[in-house]
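Before any comments, here is the structure.
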Amino acid sequence: QVQLVESGGGLVQPGGSLRLSCLASGVIFSRYRMAWYRQAPGKQRELVAHISSSGSTSYVDSVKGRFTISRDNAKNTMYLQMNSLKPEDTAVYYCNTAPNSFDSWGQGTQVTVSS
């Protein structure tokens, strides 16, 4: 019932930028705290950033000052602006609620930062 569709990933050089989008359906989007997660090869899924229904934000230390999370409740969409990308940011990025997530994860979007 709940559908989450991530997009916007790609291959970028170190120092470059990407903007990820998350389109949600089957849920009253505006009522939920939303989050971006990522999973790098061989590592556990990590919470990257989250945003309340009213727009207050929080970030993991490793992305502070480089990433910006935002949302447009009218469009049922969440965004992640990623600047000054590093190879360590390479991962599949997913969106979901926080701190507890829906069981139905999307396919994610691949972000690869490489020279």
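The values are calculated or read from the model by the stated rules, or taken from the named source; none is laboratory data. Here the structure is a predicted model, which means the values were calculated and not measured. Using ideal geometry, Cβ is built from the backbone for each residue, glycine included, and neighbour counts are taken over all protein chains shown. Ligands, DNA and RNA are stripped out before the accessible areas are found, and what is left, the full protein with its side chains, is counted by its heavy atoms. Shrake-Rupley method; radii C 1.70, N 1.55, O 1.52, S 1.80 Å.
Tabulated data
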quantity: Residues of the range 44-56 satisfying the condition of being open to solvent by 30 Å² or more (accessible area, probe 1.4 Å), under 16 Å from VAL92 (Cα atoms) and in contact (Cβ under 8 Å) with a residue 12 or more places away in the chain; calculated: ARG45, GLU46, LEU47
quantity: Residue ID - nearest to SER115 (Cα to Cα), chosen from residues in the range 1-38 that are open to solvent by 60 Å² or more (accessible area, probe 1.4 Å) and in contact with a Gly (Cβ under 8 Å, 6 or more places away or on another chain); calculated: ARG19
quantity: Flag if TYR59 is of a type outside the set (D, E, K, R), crowded, with 16+ Cβ neighbours inside 10 Å and closer than 11 Å to CYS95 by Cα; calculated: no
quantity: Whichever residue in the range 62-82 is assigned to a loop (DSSP other than H, G, I, E, B) and open to solvent by less than 60 Å² (accessible area, probe 1.4 Å) and, among such residues, is nearest to LEU18 (Cα to Cα); calculated: ARG66
quantity: Any hit, the range 98-108, residues being part of a strand (DSSP E or B) and modelled with pLDDT of 95 or more; calculated: no
quantity: Sole residue being at pLDDT 95 or above and touching a His at 6+ places or on another chain (Cβ under 6 Å), chosen from SER84, SER70, SER58, SER7; calculated: SER58
